[in-house]
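Report on the following structure.
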Amino acid sequence: MRVARYIMALSLLALTGLGLWACTRASTTAPSPTPTLTALSPPTPIVRVITPTAPPPPPPVLVVCMGREPRSLYPYAHPTSLEAQNILAAIYEPAFQPTDDGGWTSPVLERIPSLANGDARVETVTVQLGERMVDADGRVTVMKPGIRYRPPKCRTDACIQTVPEDAEAIETERLVVTFRLREDLHWADGQPVTADDSVFAFELEAHPDTPRLKWYTDRTASYQAVDERTVVWTGLPGYLDPEYMKRFWSPLPRHRWGDKTPAQLLSDPEVNTRPLGWGPYQITEWEPGSGRLRLTPNPYYTPQPYFQEIVVRFLGHDPDAALAHLMAGTCDVVSQTVGLEEQWSLLLALAEVDQARVDIIPSARAFEHIGFILHPVAHDDGYQYRDPPGLFVDAKTRQALALCLNREALVRDVLRGAAPVLHSYLPDDAPGFNPDVPRYPYDPDRGRELLAEAGWVDDDGDPTTPLVFRGRSRWLPANTPLTFTLLTTTAPLRQTLAERVKQDWAQCGAQVEVKTLPPDQLFAPGPTGPLFGRRAQAALFAWSIDPVTACRLWLSEAIPGPPETTVGDVAWMPDALGPDRDAFALDWNGWNYFAYANPDFDRACRAVLFNLPEVDAFHQGQAEAQAQLMTDLPFIPLYPRLRFLAYSPRVCGPKLHPMTLVEWWNVGTWAMDAGCMSE
């Protein structure tokens, strides 16, 4: 009906218009015929196409797959897993970060202290009778008659003096180091990071209730804040620390934690699950046991990190699942802590087809080794020394086993040549390596000769049975077979290595049983732990080291053992150590599970530990300590531990570095896709 009316109205308008036009033309033109009416279509509506504004992209999120959930994220919790260390690196940015040229830089300090820039100095100091100091052997003591000490400018054992009976004071040296914090550091709650926060961290570590080794705090005379951003470390008299530039304690928030005791901090829920830091990220969600942790940027960190969220998924020891997540895109980064070394062939295959980026590097801070326990704890009293027998007391036996081990083939076949064979605890290309150390290339014929010289004979002509001992030794009864257990961890790669070692040694007459233990059992403390209780025979595992001070691992004073025992009480300890000296200065907290004690090695190592890298005696000590150690051979070095990291091709920034074990040491610079454009 409405359409009909619309058409009629248009028709009338048309007729009216035509009639008017006809009137004006009437005098000259004949009348027009009546027009034919045609129905008109409705007008075409105007359509406007409006393009909607694209919504902003979602905030970039990084998903990381790790192994096991940490027990705690309190920086002074013990022990601290690699998973925890990675996350803590995001919360507390590492104060010392490695550079590609072998040096160090700091995102926390204005500069690294040194003698050259004046932030470190050695000063002569007078020590009064009864005052604390470090003696010439590196032990913390008090000044008293009879102790050995280093007078000023003394850098070797040749100039060591003894405190006279009538002395009331002596002169020695001490280090003073100044650290200055950057002024733009802020806790995630907005409060500035101060020098007093660093002092607070020192006080916590030094406290008896904090389960941390007190080596450095015990050798500290004072650690004081002199203004808002400056803290000064003063070492005990007699202590010259080769790594003095690192005697800075990473700050902890006194304004948030200062009202709690050190014991309370160990169990405080907030401190252990959401510790306050100053680094690029902060924890915003973690319920222990949930298998998931979430971090977001610290709003006061500059420059702001790229990712608005990092989600950590804890998968346990499951490399298959982790790589499946990586290929599916549900994990962007996969940590070594999932057991990546067990799937490294697949990792390389993924990298070849650009499905993943893979970092595989030999570490300068950890090495695989086979350690021998020279003297089990039963040998200490001199009465039970044959049970168990001291199979490895003679250095020739240890050297022979090294010659019988084809380490080159082991690395080639099991590791595809990805790591070099070690000839010391340092790689050949590492600073401080002594190229003149004794070497043990694969030579089973020479190995069998050395075993014979050590008293091991083939008494039945059967190469499938072990050699037996026919020599003379207080620690070995006659006819003892060369049979022992090699402990290792449950990691499949390490089990494969142990089986190869077993096969090689069988060719030289050594019968080996490989036994695996989970890490918490293998590394349990003494007196009950198999290694640190000195109740085992040999072990294969990776040992973490500081490349500068690694010789500390074999110091005689670091042998674990019962407290209140002197060298004179221990049947096997050399008299040259001093019969009245504590045999086990660290009690069962010692780490020298090898029970290796050599005064010559101790002296060389002390030249490293209690000297400065700017003097020749330091480098001479490094060379002598390595040469002595590789001659005595309480362990066989295998290869630097390999480290693995896998991540999506979309991600940029992750980079393993041989000088740090932490994978997240530079996590504040990681990015993805468009954020990688500047790379």
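The values are calculated or read from the model by the stated rules, or taken from the named source; none is laboratory data. Predicted model only: the values in this text are computed from it and were never measured. FYI the Cβ positions are ideal-geometry reconstructions off the backbone, even for glycines, and counts take in every protein chain you see.
Going through segment 178-199 one residue at a time, which ones are touching a strand residue (DSSP E or B) at 6+ places or on another chain (Cβ under 6 Å), assigned to a strand (DSSP E or B) and buried (at least 23 other Cβ atoms within 10 Å of the Cβ)? If the condition is that a residue be touching a strand residue (DSSP E or B) at 6+ places or on another chain (Cβ under 6 Å), assigned to a strand (DSSP E or B) and buried (at least 23 other Cβ atoms within 10 Å of the Cβ), then Phe179 is the only one that fits.
Scanning segment 600-619 for residues that are farther than 19 Å from Ile545 by Cβ and either touching a Pro at 6+ places or on another chain (Cβ under 6 Å) or not in a helix (DSSP H, G or I) (or both) turns up Leu612, Glu614, Val615. Among residues of segment 373-416 being at pLDDT 95 or above and of a type in the set (Lys, Arg), the one that is nearest to Gly590 (Cα to Cα) is Arg398. Residues considered: Trp670, Trp588, Trp664. Of these, the only one that is within 30 Å of Leu82 (Cβ to Cβ), assigned by TED's automatic domain parsing to the domain that holds Ser345, of a type in the set (A, V, I, L, M, F, W, C) and out of contact with any helix residue (DSSP H, G or I) (no Cβ under 9 Å at 6 or more places or on another chain) is Trp670.
Only one entry in Ala576, Ala585, Ala597 is assigned to a loop (DSSP other than H, G, I, E, B) and more than 27 Å from the chain's Cα centre (by Cα), namely Ala597. If you go through segment 488-529 and pick out every residue that is over 23 Å from the mean Cα position of the chain (by Cα), over 18 Å from Glu342 (Cβ atoms) and either touching a residue at least 40 places away in the same chain (Cβ under 8 Å) or in a helix (DSSP H, G or I) (or both), you end up with 13. Among the residues of segment 620-675, those that are more than 30 Å from Ala395 (Cα to Cα), assigned to a helix (DSSP H, G or I) and modelled with pLDDT of 95 or more comprise Val667, Gly668, Thr669.
Residues checked against (1) in contact with an Asp or Glu (Cβ under 6 Å, 6 or more places away or on another chain); (2) touching a residue at least 40 places away in the same chain (Cβ under 8 Å); (3) surrounded by 17 or more Cβ atoms within 10 Å (Cβ to Cβ); (4) assigned to a strand (DSSP E or B):
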| residue | (1), (2), (3), (4) |
| --- | --- |
| Asn272 | no, yes, yes, no |
| Leu276 | no, yes, yes, no |
| Leu293 | no, yes, yes, yes |
| Tyr306 | no, yes, yes, no |
| Leu326 | no, yes, yes, no |
| Leu348 | no, no, no, no |
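Against the numbered list (1) among the hydrophobic types (A, V, I, L, M, F, W, C); (2) in contact (Cβ under 8 Å) with a residue 12 or more places away in the chain; (3) surrounded by fewer than 22 Cβ atoms within 10 Å (Cβ to Cβ), Val353 comes up short only at (2). Checking each residue in segment 81-96 for being in contact with a Pro (Cβ under 8 Å, 6 or more places away or on another chain) and either more than 19 Å from Gln304 (Cα to Cα) or part of a helix (DSSP H, G or I) (or both) picks out Ser81, Glu83, Ala84, Ile87, Leu88, Ala90, Ile91.
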